[in-house]
Amino acid sequence: MRFGFIMFPTQDAIPPARKPGTDESIPVTLFGGELDDVDVYAAAGVDRVLFWVSPQDTAGMTTTVDHIALSLGSRLR
């Protein structure tokens with residue numbers, strides 16, 4: 001259930017955070033993301049998304065995780 005949304009700045013609006021003394025960016029992980037919003041997260045500079053899944057039996061969990069993986073397709077690294 002969604003109660004609202006957050007507008008993310010584009011990567012051009014805010015420079016990515018850098019590790020001190022380097023040009024290497026700090027990876028960003030979003031916890032509790034929505035599958036439908038993965039492209040928005042990526043545009044905002046998110047590197048990883050953690051999806052919460054409801055507790056269920058092994059078969060149900062396998063089906064849910066398969067659905068997530070198949071929906072993300074080539075975006076998985």
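Numbers below:
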quantity	calculated
Whole-number percent relative contact order across segment 14-65, with pairs defined as alpha carbons under 8 Å at least 6 apart	30 percent
Using a Förster distance of 22 Å, the FRET efficiency for Leu50-Lys19 (Cβ separation, nearest 0.05)	0.50
Ordering of 24-33, 66-75 by burial proxy (mean other Cβ atoms within 10 Å per residue, highest first)	24-33, 66-75
Gain upon complete extension [Thr29, Ile68; 0.36 nm per residue less C-alpha separation]	12.4 nm
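Read-outs: derived from the displayed coordinates by stated rules, not from any lab. The model shown is predicted, which means the values in this text are computed figures rather than measured ones. Note that each Cβ is placed from the backbone with ideal geometry, even for glycine, and that neighbours are counted across all protein chains shown.
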